[in-house]
Amino acid sequence: TIAKGCVDALAENFPTVRALTSEEWFGGAALLFSRESPPGHAALQDYGATFPAWLERFAPARELPYLAGLAHLDRLWIEALFAAEAPHLDATALSTLSPDVLASARLTPHPSFRLASFDAGLPGLWLAARAGDDALELSEAAQTLMHVRRGGVVASRILDDAETEFLRAVRSGAPLGEAAERAANAKPDAPIATLFAALIADGVFSGLDLDTQP
């Protein structure tokens, strides 16, 4: 039936939420959501865009205040998986650029790049749940999680303060020099060149705009 298809799709698209609740709890919530928000098309592989926000209003979820945040991370993973195709920036493309040109250039995030920050350690809890760990603990430390797809596979990892500020700057359209400065301010001992190389290797960027105009 259509209802069963919706519930099954939500179970596939929000595996962390399903793993941290009972089958009965998740099935009941998914069925109620599908009645309130039926799919707009026959393909259900990305169904549930509003499910995280719906969980914030769902009274039985109030005893699990972290659940909507975990659903949000599940949703961002789905978005990363189905994002548009684009090439990944090759580090060799930067080797001929002068430091001044590189500092004024702007990076283009890959279409699959997703970033989410939390005041508590929901990213760590999300990663542990996705890995099937038995010991699940919620850290009180703020954390930021990144999703990006490369080679058809979505990779997710927790970022440090320097990486987080660097990517926030890039996402806002700041030039590379400003992004590096913000990263250094966030974590003075961060090796910015190594940080940048690691993000390129992750596939976070799809291009470099050498136009110095904002």
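Some observations on this one:
- Every Cα-Cα pair in region 15-121 was counted, and those over 18 Å apart are 61% of them.
- For Arg150, the residues 5 or more places off, or on other chains, whose built amide H falls under 5 Å of its own are Ala155.
- To the nearest ten degrees, helix 176-186 and the longest principal axis of the Cα atoms of the chain are 70 degrees apart.
- Mean residue ellipticity, 222 nm, helices only, the chain: the sum of -39500 (n - 2.57) across DSSP H runs of n ≥ 4, divided by residue count and rounded to 500, is -14000 deg cm²/dmol.
- When Rg and the Kirkwood radius Rh are both evaluated on Cα atoms of the chain, their ratio Rg/Rh stands at 1.03.
- Tensor-based shape of region 1-63 (alpha-carbon gyration tensor, a/c under 1.5 rounded, otherwise prolate or oblate): prolate
- Relative contact order [Cα under 8 Å, 6+ residues apart], the chain, whole percent: 22
- Accessible area per residue in Å² at 1.4 Å probe, computed on the chain: 51
- Taking the C-alpha atoms only, the angle from helix 161-171 to the longest principal axis of the chain is near 90 degrees.
- Spatially, region 124-194 and region 1-19 are offset by 28 Å when compared through their Cα centroids.
- Build a GNM of the chain with springs between Cα atoms under 10 Å apart, and of Thr92, Thr164, Thr144 the one that fluctuates most is Thr92.
- Cα gyration tensor category, rounded, prolate or oblate, for region 148-214 with a/c compared to 1.5: oblate
- Most mobile listed residue (Trp77, Trp54, Trp25) in the chain, GNM with C-alpha springs under 10 Å: Trp25
- Helix 67-82 axis versus longest C-alpha principal axis of the chain: approximately 60°, rounded to the nearest ten.
The values are calculated or read from the model by the stated rules, or taken from the named source; none is laboratory data. All values reported here derive from a predicted model rather than from experimental measurement. In case anyone asks, the SASA skips ligands and DNA or RNA and just uses the protein heavy atoms, side chains included. Shrake-Rupley method; radii C 1.70, N 1.55, O 1.52, S 1.80 Å.
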